[in-house]
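Where a number appears in this text, it was derived from the coordinates with a stated rule and is not lab data. For clarity, every value in this text was computed on a predicted model and none was experimentally measured. Because the Cβ atoms are built from the backbone with ideal geometry, glycine has one as well, and the counts that use them run over all protein chains shown.
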Amino acid sequence: MDTEVIVVGAGPTGLMLACELSLAGVRTRVLERRSEPQRDSRALTLHPRSVELMDQRGLLDRFLPLGRTVPGWHFAGLPTQLDFSALDSRHGYTLFLAQARTEALLEERARELGVQIGRGHETLGVSQDSDGVAVEVRPPGGGTETVRGLYAVGCDGGRSIVRQDAGIGFPGTDETLTGVLGDFGVVDPRPGALDAARAQGVIVVPLEGGLTRFVYLDPERLRVPAGEPVTVAEFRTSLTRITGSDCGVAEPRWLSRFGNATRLAESYRSGRVLVAGDAAHIHFPAAGQGLNTGLQDAMNLGWKLAAVVAGWAPPGLLDSYGRERRPVGQSVTENTEVQTLLAELTLIEQYQRPAVALRTLVDQLLGMAEVNQRLADQVSALGTHYPPTTPDADPLVGRRMPDVGLTTTDREATRVYELLAQGRFVHLTLTGDPALQKSVEGWASRVTAVTVDKYDEHAALDGVTEVLVRPDGHVAWATRTTDGGARGDERIQALTAWAGTPA
């Protein structure tokens, strides 16, 4: 069949997944209900781990010039910020970049890789059998047509048709509060006018194109359903009630209400159908983690699904997507619920005094380096650690591979992340013995083998003699063994377990 994987949804998650699949040689088609790219941007940030993913695929030069970097981020809007600059990354910052820009850059890359992107194609239903999947769509011209593939992935948001038709449950909690955002072309020009709004807890962010975004929670409008349209009159009234001024807002570009419904898919896979991004997890947009979690879902799934399509995937590889990513989704939904509660309680009169005390206590805890780093690791996703598959695995296994500088025998000085640009495994021999590369030759079509003469010091690599890095930048296997025979056995077992049998 012409299409091997059908991706439903051309948001950041769907486009990132399409890029990963096509990079690995999978014939991929994206179906998107909207006829035009999304103009307005709910999300505005790429957190450190997402920036690293772009670096790993050689795309960062496209993103950085269009955004603005900041060294920290907030937790529940508390005064003490999370210090991303202190984390173990070359990219210890948040990149302010509108979601529409991120989508445009990913779509550009997907088209370069040959991905078919069908806009104006509304998905009506998904079914599967032992041979593949069938996606029924309504194309731009009307009527219906059926698109067949080997697998389908739902990246079609919280109301995912793909997830529903696959029979994947989506348990959680309905919304209990809503917030409001608005992008305006005109605001109060007086110096300090917007600072006064910020001091009252309103988020005020300058956007490209001369727009200014306001985000707030109005204590008197917390229970308004998310589906109720926002008016300019309501916006001005709420700002005046909260800050004492309507901040001069005029010429609205976009007004939206959003809620705190929180849900997590019971499974990320049902046979030949999988889910990622908002189709797998939804939550209040606390700390801007939603888009980033979706990008990281796509990076984890892409190479695994490609391996299955290509026929070399070892047993259980595709199921490891859900085993690894669902706990991450659960962690994100839980920490956003905590942040939302910390914000909500201060707005409810009978809880205000203890809520303020609680926020003060948490803010003081954020001033402790260990606490700050723990939460910064979680929000940035740099602390994501997938569980090892064997009980005696090296402590490095499952963690992000440090992006250390390398000097090698057969290429110019480079970095680990530069070696990942083609989406292949990378095997590093850190002892400088080129003979070890021969034992990897059977996997040459899937594994880039590099003999390292010298590398930047890093505590996590102390004593490590070899390391196998997954295409998504996490460590599949590492050893500190110096016994050549034992290492050889471990190496073959690890390569077979992750990269399949030799070609």
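Quick check: Cα centre of segment 383-429 to Cα centre of segment 197-228, how many Å? A separation of 42 Å, based on Cα centres. Along the charge dipole of segment 340-490, pointing to its positive end and built from +1/-1 on Cβ of Lys, Arg, Asp and Glu, which listed residue (439, 486, 367) has its Cα farthest out? In segment 340-490, that residue is 367.
Find the percent of Cα-Cα distances in the chain that exceed 35 Å, and round it to a whole number.
Working: 46295 of 126253 pairs.
Here the tail beyond 35 Å accounts for 37 percent of pairs.
Only DSSP H runs of four or more residues enter the estimate; each adds -39500 (n - 2.57), and after division by the residues of the chain the mean residue ellipticity at 222 nm equals -9500 deg cm²/dmol. Our analysis of segment 360-404 gives Rg over Rh at 1.14, with the two radii drawn from alpha carbon positions and Rh computed by the Kirkwood formula. The trypsin sites (Lys or Arg not before Pro) found in segment 113-199 that occupy coil by DSSP, while having at most 16 further C-beta atoms within 10 Å, are 159. Over all directions, the projected convex hull of the C-alpha atoms in segment 405-499 averages 5.5 nm² in area. The simple spin-label model puts a point 7 Å past each Cα toward its Cβ; for residue 124 and residue 228 those points are separated by 3.6 nm.
Restricting segment 248-343 to trypsin sites (Lys or Arg not before Pro) that sit in a DSSP loop and have at most 14 other Cβ atoms within 10 Å of their own Cβ leaves nothing. To the nearest ten degrees, helix 290-310 and the longest principal axis of the Cα atoms of the chain are 30 degrees apart. Counted residue by residue at 0.36 nm each, then reduced by the alpha carbon distance between them, the extension gain from residue 501 to residue 136 reaches 127.8 nm. Expressed to the nearest 5 percent, the antiparallel share of DSSP beta bridges inside the chain is 75 percent.
Projecting label points 7 angstrom from Cα along Cα→Cβ for residue 438 and residue 422 puts them 2.3 nm apart.
Near residue 124, once Lys and Arg are set to +1 and Asp and Glu to -1 for all other residues with Cβ below 9 Å from its Cβ, the sum equals -1. Under a model in which nothing but the beta-carbon of Lys, Arg (+1) and Asp, Glu (-1) is charged, the chain shows a dipole of about 560 debye around its Cα centre. Plainly put, segment 196-275 has a radius of gyration that is 1.14 times its Kirkwood radius, both from alpha-carbon atoms, as the Rg/Rh ratio.
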